[in-house]
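Okay, so here's the structure we're looking at.
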Protein chains: 2
Amino acid sequence: MSNQATISKGAATRDLIIDHAYAIACRAGLEGVSIGDLAHAVGMSKSGVFAHFGSREDLQLAVLEYAGRRFGEAVLMPAVRKPRGLARLRAIVDGWFDWVRENQHGCLIMGAVSEYDSRPGALHDAVVALIQRWRTDTARAAQMAIDAGELHADADPQQLSFEIFGIALALHQDTRLFDPKQARSRAEHAVQRLLAAHSR
Amino acid sequence: MSNQATISKGAATRDLIIDHAYAIACRAGLEGVSIGDLAHAVGMSKSGVFAHFGSREDLQLAVLEYAGRRFGEAVLMPAVRKPRGLARLRAIVDGWFDWVRENQHGCLIMGAVSEYDSRPGALHDAVVALIQRWRTDTARAAQMAIDAGELHADADPQQLSFEIFGIALALHQDTRLFDPKQARSRAEHAVQRLLAAHSR
């Protein structure tokens, strides 16, 4: 094979490993990813898997990054096609609520928060950065709705982002423990009330 | 020893085991409780620990029940001494927020939700029952505030309970990932706005 073909094949194998690891981690958490099980699932040796990732932690970090990218593509990308303002903020919320429904048997990111929130290290830092970025993206969309004159000028974008986050967390938990449809309806009511309270 | 003394000693040993297991599970989750480590910590043999609990799962269920009792004693008990109505609902929220602060390095109950929400079995059912009970207790306090004429008659107690839960979840997450004081301030603002919106 040419060098180019070797690199492409290497990248494809790496993607395949991450894809399998992602599916495992959605249900069992990033700590549930075993290199042995993963090697078996993709038909490679353990050393073959390690050749693509220096360590189990590097693999976990790559899977977490992949999860963040998937979330961004599913939720943020469609929203940024909407006009700046309430339409975009609503699209973020709708996409997020749909994500919760579609990942009701396991959201890797929410699982990772619970796994690493009190365990210092590279994975903890990556989780903090991921949630921080998402909170900032949501606050930015709220700020645009303020700038567009659709939300009150004295609304606090970070506070709105915090409260939207809380509603999404309650939706996530209720979807998994109780009735998903009722959870969605309650989350919709909560967001509508929140945005209406700050609308001009 | 008399039979009575034997029973008391047995109960005291059982309490000691649960207390140690609770401390471990707050940080490592209920799945992080190993009978071997626990036996070592309390200075017993593994079979000695098993004599008090039929199985590891029975021990985990007992620890979860203990966590629920601790939460109830810390949050609900002081609140029921307040008059029915907004004062009691606020006391529940305040106690809950204090609980989050005091357990910022690990809340066994929140950890258990994440561990068992998609894993069918006795622990899953116990987690669902625990959260359901707490949601109902909160909704009941909201209903009393409606009955007392302090919240609007058309306020939905279950919806309020859902939204208060969301704020507490966001507080829990922010306390662990970001700045605990800022998180508390945001949660306070959110609850004040929520209750003010429904106040008469």
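Read-outs: derived from the displayed coordinates by stated rules, not from any lab. Because the structure is predicted, anything quoted here is derived from the model rather than measured. All Cβ positions, even for glycine, are placed from backbone atoms using ideal geometry, and neighbour counts span all protein chains on display.
Where is the GNM fluctuation largest for chain A (alpha-carbon springs, 10 angstrom cutoff): A:Q104, A:Q143, A:Q159?
Looking only at A:Q104, A:Q143, A:Q159, the largest GNM fluctuation is found for A:Q159.
To test your reading of the geometry: what angle, between 0 and 90 degrees and rounded to tens, separates the Cα axis of helix B:3-28 from the longest principal axis of chain B?
Computed tilt is about 60 degrees.
List, shortest first and in nm to one decimal, how far the label point of A:D19 (7 Å from Cα along Cα→Cβ) is from its counterparts in the other copies.
Once sorted, the set of distances for A:D19 reads 5.4 nm.
Kindly put B:H172, B:H105 in sequence by how many other C-beta atoms sit within 10 Å of each C-beta, fewest to most.
Least to most surrounded, the residues fall as B:H105, B:H172.
Tell me, B:M77, B:M144 in order of fewest to most beta-carbon neighbours within 10 Å?
Listing B:M77, B:M144 from fewest to most nearby Cβ atoms yields B:M77, B:M144.
Under a crude label model (7 Å from the Cα following the beta-carbon direction), how far is B:A11 from A:R70 in nanometres?
Distance between the two pseudo-spin positions: 5.0 nm.
Answer rounded, prolate or oblate for the protein assembly as shown, using the Cα gyration tensor with square roots of eigenvalues a ≥ b ≥ c: rounded when a/c is under 1.5, else prolate when a/b is larger than b/c, else oblate.
Since a/c reaches 1.5 but b/c is at least a/b, the shape of the protein assembly as shown is classed as oblate.
What are the distances, in nm and sorted shortest first, from the label point of B:S8 to the label points of the same position in each other copy, with each label point placed 7 Å from Cα along the Cα-to-Cβ direction?
So the label point of B:S8 gives 8.0 nm to the other copies.
Can I get the semi-axes of the stretch A:56-198's equivalent ellipsoid? Compute them from the C-alpha gyration tensor as square roots of 5 times the eigenvalues, in angstrom, largest first.
26, 18, 14
Angle check, please: helix A:180-198 long axis (alpha carbons) against the longest principal axis of chain A (alpha carbons), in degrees 0 to 90, nearest 10.
Tilt relative to chain A: about 50 degrees.
Counting only other chains, what is the mean number of Cβ atoms within 10 angstrom of the Cβ of each residue in peptide B:155-168?
Average neighbour count from other chains, rounded to a whole number: 5.
Just to confirm the numbers: A:M77, label point 7 angstrom along the Cα-Cβ line, distances to the other copies in nm, shortest first?
Shortest to longest, the spacings are 5.3 nm.
How high is the relative contact order of the stretch B:16-106? Use alpha-carbon pairs under 8 Å, at least six apart in sequence, and give a whole percent.
About 26 percent, as a whole number.
Among B:K46, A:K181, which comes first, second and so on when ranked by fewest other beta-carbon atoms within 10 Å?
A:K181, B:K46
Take A:S45 and A:A122, extend 7 Å from each Cα along the Cα→Cβ direction, and tell me the distance between the two endpoints in nm.
Once both label points are built, they end up 2.4 nm from each other.
Cα axis of helix B:157-177 to longest principal axis of chain B: angle in degrees, 0 to 90, nearest 10?
That works out to roughly 60 degrees.
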